[in-house]
Amino acid sequence: MVVLEIEKKVDKLLTCLEVDIQHIKQNISYLNEMRSLIIKRDDIALSKLLETIQETSEVYKDKEKERQSIRRELADFLGCSIEQVTLSKVEENLPEISKNKVIETKENLRLFIEELRREYSSTVMLVSECARFNKLLLRSIFELGKTGSFSYDSRGTTRRHDGEAALMNVKF
C-alpha cells in the first residue's frame, strides 16, 4: 500500500517533469530563434519573440507551483524536507521495477539542461559581441577616444573644443 501511494505521487511528479522538459526544449528553440533574429537584425520579429517568451514564462509559473506542491507531498510522505526531495532521493525509495522511469527522466532533464546552458551561453556571447561591436563602432564614428569635445553649429558641421569649452554650444 505504501509503495503504491509513493508510485502515484512519483507518477504525478514525472508527468510534471515531462512538462518541464517540454518547456526547456521550447526555451532552447527560443534561444536559437533569438540569435537568428539578432543576426538578421529583424527587430519586429525579435520584439514579437520576446513578447511570446514573456507570455510563456507567465503561464509556466503555474507549472512550477504544481511541481513544488508535488515535492511537498513527497517530502511529507518520505519524512524529509522539501529541499531533500530530489529525483535521486525518490529513486532510492522506489521498488526496482519503478526506478527506470525516474532514471530516464533524470537523464533527459540532465541532457536538455546541458543543451540549454550551451544555447544560453551562445546567445549571451552573441549579444555581448554585438554590444562590444556597437560600442566600438560608435566610438570610431564619434571619435570618443580622442581628447577634447566637439559641438555642432547650425549648419551641422562639427567644431572641436579643448577641455575648457562650455557643455553646450547654443550659437546659431
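Looking at the structure I just gave you, is residue 127 at pLDDT 85 or above, under 24 Å from the mean Cα position of the chain (by Cα) and either more than 30 Å from residue 8 (Cα to Cα) or surrounded by 12 or more Cβ atoms within 10 Å (Cβ to Cβ) (or both)?
Judged against the criteria, residue 127 is a match.
Residue check: is residue 44 of a type in the set (A, V, I, L, M, F, W, C), loosely packed, with under 13 Cβ neighbours inside 10 Å, on the phi < 0 side of the Ramachandran plot and at pLDDT below 90? Criteria not met by residue 44. The helices (runs of 4 or more DSSP H) located wholly in segment 1-103 that include 2 or more residues which are of a type in the set (Lys, Arg) occupy 2-40, 43-78.
The values are calculated or read from the model by the stated rules, or taken from the named source; none is laboratory data. Keep in mind the model is a prediction, meaning the values are calculated, not measured. So basically every Cβ, Gly included, is an ideal-geometry build from the backbone, and we count neighbours across all protein chains shown.
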